[in-house]
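Worksheet: the structure to be examined is printed underneath.
The values are calculated or read from the model by the stated rules, or taken from the named source; none is laboratory data. Here the structure is a predicted model, which is why all the values come from computation and not from measurement. Here Cβ is always computed from backbone atoms with ideal geometry, including for glycine, and neighbour counts include all displayed protein chains. Side chains included, ligands, DNA and RNA excluded: accessible areas come from the protein's heavy atoms. Shrake-Rupley method; radii C 1.70, N 1.55, O 1.52, S 1.80 Å.
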Amino acid sequence: MHTRLPTPAGAGPPQRGPVGLRPYALTIAGFDPSAGAGVLADVKTLEANGVYGLGACTALTVQNDVAFERVSWVALDDVQDQIGLLLARFQVEVVKIGLIESLPLLWKLIGWLKAQNPAVLIVWDPVLRATAGYEFHPQPDRALLQRICAELALITPNQPEVRRLWPAASSAMAAAGALSAYCPVLLKGGHASGDLATDVLLTHDARHKLTAPRLPHGEKHGSGCVLSAAIAAQLALGHPLAEACRLGKAYTTQVLASNDTLLGYHYQKQS
């Protein structure tokens, strides 16, 4: 496993930026050419939420908003090299991780990030399946998943994802409850039915319901990426977890309501 990187000559100490300017947050995710998901969507989301977004690419995908053809993975050393030069220059307290090649690789990456900054907050959006149906990961190893979750500030699965992560559970909520013994879980409610879309934040000692109207044309490519990045932005701005989730959901609802296509708008045209 990599150790803390030396600061490149002339780089100076990491910068947070002058007082009053935006904090930095880092997304580590795949490259989606449609910009609806992955690192491009994350950086747009971070920017729209008042944070300067830095990005590292884990995968090059051939996809649009309705079709996924293939993925080429970026080697872990190259992912770490992308991040290392950023961390040498910028102070990053919050990291969002999206598409990753495997859980063993994710475990190595998390350990490496913690070696750079033991206090870093990591939000993991467990992308297990593309919207277009492409499967990324086989059934995860439970012991490895437990070790990963113990290092996270938050995991943000939807209902199918949480059932896949914890298949022994009798329901999505039971699976989220099991995972919440290791880290906070935001169980997304987009795959449920009803007039309200309800996400549930579970921590070891509390449960918070976050609701929004279920929109008639609210399905969007990359909505999970947007939500996790928006939460990461709010954490970088200093909000506690429950408030960050509330604000992140409110922002995501705005994007879902922005138009009737599968690609949401992050910046609304001012009238």
Problem set entry | Residues of region 44-88 satisfying the condition of being touching a residue at least 40 places away in the same chain (Cβ under 8 Å), open to solvent by 20 Å² or more (accessible area, probe 1.4 Å) and among the β-branched types (Val, Ile, Thr) | 66, 71
For this session: Can you tell me which residue within region 182-205, out of those that are outside any strand (DSSP E or B) and either touching a Leu at 6+ places or on another chain (Cβ under 6 Å) or open to solvent by less than 20 Å² (accessible area, probe 1.4 Å) (or both), is modelled with the lowest pLDDT?
Result: 189
For this session: State whether the residues of region 132-148 include one that is under 19 Å from residue 221 (Cα atoms), free of Cβ contacts under 8 Å to residues at least 40 places away in the same chain and open to solvent by less than 10 Å² (accessible area, probe 1.4 Å).
Result: no
Problem set entry | region 51-72, subset assigned to a loop (DSSP other than H, G, I, E, B) and out of contact with any His (no Cβ under 9 Å at 6 or more places or on another chain), residue farthest from residue 230 (Cα to Cα) | 67
Exercise. Does any residue of region 167-177 turn out to be open to solvent by 60 Å² or more (accessible area, probe 1.4 Å), out of contact with any strand residue (DSSP E or B) (no Cβ under 9 Å at 6 or more places or on another chain) and free of Cβ contacts under 8 Å to residues at least 24 places away in the same chain?
Worked result: yes
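Could you tell me whether any residue of region 259-269 is small (Gly, Ala, Ser) and modelled with pLDDT of 95 or more? First the steps, then the outcome.
In the first step, residues of region 259-269 are kept if they are small (Gly, Ala, Ser); the result is 264.
Checking which are modelled with pLDDT of 95 or more leaves us with 264.
Scanning region 259-269 turns up at least one residue that is small (Gly, Ala, Ser) and modelled with pLDDT of 95 or more.
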